[in-house]
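What follows is a set of notes on a single structure, which appears directly below.
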Amino acid sequence: MQKTVQQGYKAPSLIRTGAKRGMLYDLRKYWVLYMMALPGFIFYIIFKYIPLAGSIIAFQDYMIFKGLFQSQWVGLQHFETFFQYSNFLRVFKNTLIIGAYNLIFVFPVPIVLALLFNELRNKFYKRTLQTVYYIPHFFSWVIIGGIAFDVLSTSGIVNSIRGMFGAESILFLQQERFFRGILVLTSIWRDAGWGTIVLLAAIAGINPEVYESALVDGAGRIRQIFSITLPLIMPTVVVLFLLNIGHFLDLSFDQIYNLLTPMTYSVGDVIDTYVYRTGIVEAQYSSATAVGIFQSVIGFVMVLSFNRLAKRFQEGGGLF
């Protein structure tokens, strides 16, 4: 018995030494992969983790010439100022509504598009179509905003077609009822094709024998989509959903700023545009940082909540 215990026992120092040797062995064996990943690690350290130290200015009356260590501490004053902002409810409501629109209408489009791309059998046509859908992603929102204003202007193509049927011209981007719909459509046009890349990679990883077996059993294409493709890519869809839900309050400032007009402020003014006015235009850096922390906390809570739901309803689901 004593001999068995002695044989099965490993000293902690030996375990640590073995783990250390294993790590060094991996570094030597896969050094090329680690070197490829190194720029990404450096990027996140410099631009994501180091700036976190600057979050303390949310609790200070930050002055540029005094710096982080000499600025006066004010506690939660900037958070209270944001919550007491006269248009806080309007800004917060608009952010929630537009964020919900993005999840409900924009997020599913790349999934449907990826399934459709996967059903194309002509490789040349498939690649050409994918390229056409990818290209808008490389346009800046300044360009897309200009295109939207031209297309939806009184002399644009939309109103020209309406005029052919005797309808009056409408200033779409100056009307509140159309603004959020335009945000959704421009988001889909710009990013839907790009969002299919990860999903197509997940579909490509499905074993072809599964489809062959389903075909032998008499399953058609539609049945294969709903019984094989969708269930097998669902873990990837869940991960993408959790990544999106983390930015629920962090909307695309560039998009909204370039499409927003004074007539649509009541439905388009969101937290990001508020941060721009206070943090950049008015140089209230502490207030802007406080709002950023508020957005991050809400996103973090939502990711944790939906990650727990994903684990409960799907085996192996969730990010962590």
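FYI, it's all coordinate maths here, none of it is from the lab. Keep in mind that this is a model prediction, so the values were computed, not measured. Please note: Cβ atoms are built from the backbone with ideal geometry, for glycine as well, and neighbour counts cover all protein chains shown.
If packing is taken as the average number of other Cβ atoms within 10 Å across a peptide's residues, how do 279-292, 22-35, 50-63 rank, most packed first?
Answer by packing, highest mean first, reads 279-292, 50-63, 22-35.
How large is Rg over Rh for region 123-186, taking Rg from the Cα atoms and Rh as the Kirkwood inverse mean of 1/r across Cα pairs?
1.10
Looking at region 53-114, which trypsin sites (Lys or Arg not before Pro) are in a loop (DSSP not H, G, I, E or B) and have at most 15 other Cβ atoms within 10 Å?
Taking region 53-114 and a limit of 15 other Cβ atoms within 10 Å, the loop trypsin sites (Lys or Arg not before Pro) found are K66.
Would you tally the net charge around F105, using a Cβ to Cβ cut-off of less than 15 Å, leaving F105 out, and scoring K and R as +1, D and E as -1?
+1
Scan region 128-210 for GluC sites (Glu not before Pro) in coil per DSSP, keeping those whose Cβ has at most 16 other Cβ atoms within 10 Å, and list them by number.
For GluC sites (Glu not before Pro) across region 128-210 that sit outside H, G, I, E and B with at most 16 neighbouring Cβ atoms in 10 Å, the list reads E168.
Grab the other residues whose beta carbon is less than 12 angstrom from that of V275, score K and R as +1, D and E as -1, and report the net.
-3
Given the DSSP H assignment, sum -39500 (n - 2.57) over each helix run of at least 4 residues in the chain and divide by its residue total; what's the result at 222 nm in deg cm²/dmol, nearest 500?
It lands at -19500 deg cm²/dmol.
Report Rg(Cα)/(2.2 N^0.38 Å) for region 93-132, keeping two decimals.
The value comes to 1.64.
With mean projected area of the Cα convex hull in nm² in mind, check [x] 16.4; [y] 28.6; [z] 19.9 and report the label derived from this structure.
Of the labelled values, this structure produces [y].
So if R0 is 51 Å, what FRET efficiency would I293 and S227 give, r being the distance between their Cβ atoms, rounded to the nearest 0.05?
0.70
Largest first and in whole Å, give the semi-axes of region 122-254's equivalent ellipsoid, each being the square root of 5 times a Cα gyration tensor eigenvalue.
38, 20, 15
Starting from the Kirkwood Rh over alpha-carbon pairs, what translational D in µm² s⁻¹ does region 194-320 have by Stokes-Einstein at 10 °C and 1.306 mPa s?
The Stokes-Einstein estimate is 89 µm²/s.
Normalising by the residue count of region 24-93, find the relative contact order in percent from Cα pairs under 8 Å and 6+ residues apart.
Relative contact order here is 18 percent.
Between I64 and A204, how many nm apart are label points set 7 Å from Cα along the C-beta direction?
4.7 nm
Give me the one-decimal Kirkwood hydrodynamic radius in Å for region 37-87, with the sum taken over alpha-carbon pairs.
12.9 Å
Can you tell me the length gained on complete extension of the stretch L33 to V158, counting 0.36 nm per residue apart and subtracting the Cα distance?
39.9 nm
Just to confirm a number: summing +1 for Lys and Arg and -1 for Asp and Glu over residues other than F241 whose beta-carbon lies under 14 angstrom from that of F241, what do you get?
Combined, the nearby Lys, Arg, Asp and Glu give +2.
Per-residue counts of other Cβ atoms within 10 Å, averaged by peptide: what ranking do you get for 68-80, 293-305, highest first?
Peptide ranking by packing, descending: 293-305, 68-80.
At R0 = 51 Å, how high is the FRET efficiency between L89 and S213 if r is their beta carbon distance? Nearest 0.05 is fine.
0.35
Which value in Å is the Kirkwood Rh of region 51-154 over different Cα pairs?
Hydrodynamic radius (Kirkwood, Cα only) of region 51-154 equals 19.1 Å.
Please give every one of the aspartates and glutamates within straight-line cross-link reach of K93, meaning a C-alpha to C-alpha distance under 20 Å, and leave out same-chain neighbours fewer than 8 residues apart.
Correct list for K93: E80, E176, D250, D254, D269, D272.
For the pair L76 and F139, what calculated FRET efficiency results from E = 1/(1 + (r/R0)^6), where r is the Cβ-Cβ distance and R0 = 30 Å, to the nearest 0.05?
With R0 = 30 Å, the Cβ-Cβ based efficiency is 0.15.
Which residue fluctuates most in the GNM of the chain (Cα springs below 10 Å): Y85, Y265, Y134?
Top of the fluctuation ranking is Y85.
Just want to confirm a number: the relative contact order over the chain, from Cα pairs under 8 angstrom separated by 6+ residues, in percent.
24 percent
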